[in-house]
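Reading through the structure tokens given below for one structure.
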Amino acid sequence: MNEVKYLIVGGGVAGTTAAETIRATDKEGSIAIVSDEPYRFYSRILLSKPNFFLEKIPFDQIWLKDEAWYRQNQISLMLGKEATKLDPKGRVVSLNDGSAWHYEKLLLAVGACARRWSVPGAEKKGVLSLRTLDDAKEVISRVKNIKQAILIGSGFISFEMADMLVMAGVDTTLVILESYYWEPVLDEASGRMIEKVLIEHGVKILHKSEVFQIEGEENVTGVVLKDGTKLPCQLIVAGIGVECPLGWIKEAGVIVNRGILADEYLQTNFADIYTAGDCAEFNDLVLGERVLLGNWVNAQVHGRTAAANMVGGHQPSKMVSFYTTQGMGLAIAFVGNVRVTPDREVVVRGTLEAGSYGRLILHNGKLVGATLLNLTREMGMLAKIIERGADLTAKKPFLADLKNDLSMI
């Protein structure tokens with residue numbers, strides 16, 4: 001039986017940040033990180049950036065920690081290993097190599113996996129998601145020698161991949177089930193604004209379409225849609241969402257929903273088991289609800305917060321999350337909780353004609369989220385307004401007028 005004071009399952013941004021934070025406070029306590037990937041900590045943000053794919057920046061910029069960092073901080077890094085069983089009462093995590101680790105404090109920072117695409121032929125080479133460094137490396141190698149590519153689904157990944165493929169001169173087709181881009185997360189006006197940019201740059205969009213099967217022998221050569229349409233391609237990137245690998249965690253008695261349930265201190269239903277990052281469904285003090293967020297900044301903050309509490313602190317996680325990307329002359333940003341539900345109101349800011357269009361989402365008069373197209377300059381101010389939690393009911397006309405400075409709120 002191996003003994004460790006702090007055991008971290010997950011070597012990404014949440015887990016690595018947690019290890020770094022723990023070591024800054026506890027100089028002696030043993031730390032071990034278990035990662036199912038064969039690589040040390042790298043930037044997932046770069047995985048979907050055109051300059052990385054097109055090799056306009058050195059590949060080594062992907063690494064965020066070198067091997068010496070782990071040695072210097074006395075952090076044991078176990079790569080290519082998976083946690084398979086958890087015994088909370090005995091405080092033991094078993095790995096797929098047959099080893100078992102007894103811990104004092106455990107952090108579950110297992111992240112999320114790309115949702116599996118169940119279309120016949122999805123196992124062929126050249127059919128990828130974009131979640132890991134190995135995925136990115138294969139896309140980089142294939143982009144150099146292909147003529148056509150197909151993107152499945154709408155969202156940040158498909159938009160960024162479309163930008164990269166267009167820059168590489170690849171004939172690109174986007175296949176989506178919805179009637180417009182990013183439905184229902186965005187309204188139709190926002191979706192059409194994104195589509196306009198994509199189409200202007202040569203991307204073909206097939207709405208209300210679905211792949212029936214993937215053609216080719218070992219490598220993908222094309223797809224057949226459910227309406228019988230055949231499309232040639234040598235690369236498919238499926239951006240159909242993510243799911244958390246929680247089976248072994250649920251079996252241990254840790255309460256899970258879409259993610260691992262946690263309070264605002266990122267503690268689970270077991271006193272010495274914490275969670276952080278994309279897998280953490282936590283009590284968000286800013287929004288006043290339990291949320292599951294999949295973005296880098298949130299995971300980084302979670303890592304610091306969970307670590308602070310694992311070493312004896314009592315620090316809540318409190319921040320307004322945001323996502324942002326840009327390409328083809330369009331900047332897209334999400335701030336806070338962008339779900340529009342029946343009990344929420346949308347205030348439109350800007351106009352499509354002006355080329356700047358945002359939706360401010362209010363709940364009981366308070367701003368809880370925003371979607372922004374070419375309005376990323378307002379992202380920081382909107383985050384502050386959300387954090388303040390002021391009643392904006394009387395300010396709705398002010399919010400709607402793009403000429404008004406939000407700092408006046």
(request) Give segment 123-143 a look and list any residue that's buried (at least 18 other Cβ atoms within 10 Å of the Cβ) and either without any contact (Cβ under 8 Å) to a residue 60 or more places away in the chain or not in a helix (DSSP H, G or I) (or both), or say none. (result) Gly126, Val127, Leu128, Ser129, Leu130, Arg131, Thr132
(message) Whether any residue in segment 260-269 is over 23 Å from Val4 (Cα atoms) and not hydrophobic (A, V, I, L, M, F, W, C) is what I want to check.
(response) yes
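Of these, Gly350, Gly294, which one is crowded, with 17+ Cβ neighbours inside 10 Å and in a loop (DSSP other than H, G, I, E, B)?
After applying the criteria, what remains is Gly294.
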(message) Can you pull out every residue in segment 98-117 that is part of a loop (DSSP other than H, G, I, E, B) and in contact with a Gly (Cβ under 9 Å, 6 or more places away or on another chain)?
(response) Ala109, Val110, Gly111, Ala112, Arg115
(message) Suppose we keep only residues that are touching a Phe, Trp or Tyr at 6+ places or on another chain (Cβ under 8 Å) and either assigned to a loop (DSSP other than H, G, I, E, B) or not polar (S, T, N, Q) (or both) within segment 84-97. Which one would you say is surrounded by the most Cβ atoms within 10 Å (Cβ to Cβ)?
(response) Val93
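If you go through segment 224-271 one residue at a time, how many are touching a His at 6+ places or on another chain (Cβ under 8 Å) and at negative phi?
1
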(message) Going by what's in this entry, would Glu55 be described as more than 19 Å from Ala306 (Cβ to Cβ), touching a residue at least 12 places away in the same chain (Cβ under 8 Å) and of a type in the set (D, E, K, R)?
(response) yes
(message) So the check is Cβ under 7 Å with 6+ separation or different chains; which pairs have a first residue in segment 304-318 that's assigned by TED's automatic domain parsing to the domain that holds Ile31 and hydroxyl-bearing (Ser, Thr, Tyr) and a second one that's at pLDDT below 95 and buried (at least 24 other Cβ atoms within 10 Å of the Cβ)?
(response) Thr305/Ser317
(message) Going residue by residue through segment 73-81, is there one that turns out to be touching a residue at least 12 places away in the same chain (Cβ under 8 Å), touching a Phe, Trp or Tyr at 6+ places or on another chain (Cβ under 6 Å) and either surrounded by fewer than 17 Cβ atoms within 10 Å (Cβ to Cβ) or not in a loop (DSSP other than H, G, I, E, B) (or both)?
(response) yes
(request) Give the residue, chosen from Ala271, Ala306, Ala333, that is over 29 Å from Arg344 (Cβ atoms) and in contact with a strand residue (DSSP E or B) (Cβ under 7 Å, 6 or more places away or on another chain). (result) Ala306
(request) Of the conditions (1) free of Cβ contacts under 8 Å to residues at least 24 places away in the same chain; (2) on the phi < 0 side of the Ramachandran plot, Gly288 clears all except one; give me its number. (result) (2)
(message) Which of the numbered conditions does Ile157 fail, given that it passes all the others? Conditions: (1) under 29 Å from Arg344 (Cβ atoms); (2) hydrophobic (A, V, I, L, M, F, W, C); (3) outside any strand (DSSP E or B); (4) at pLDDT 95 or above.
(response) (4)
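The values are calculated or read from the model by the stated rules, or taken from the named source; none is laboratory data. Treat the numbers as computed from the prediction; the structure is a model and nothing was measured. Note that each Cβ is placed from the backbone with ideal geometry, even for glycine, and that neighbours are counted across all protein chains shown.
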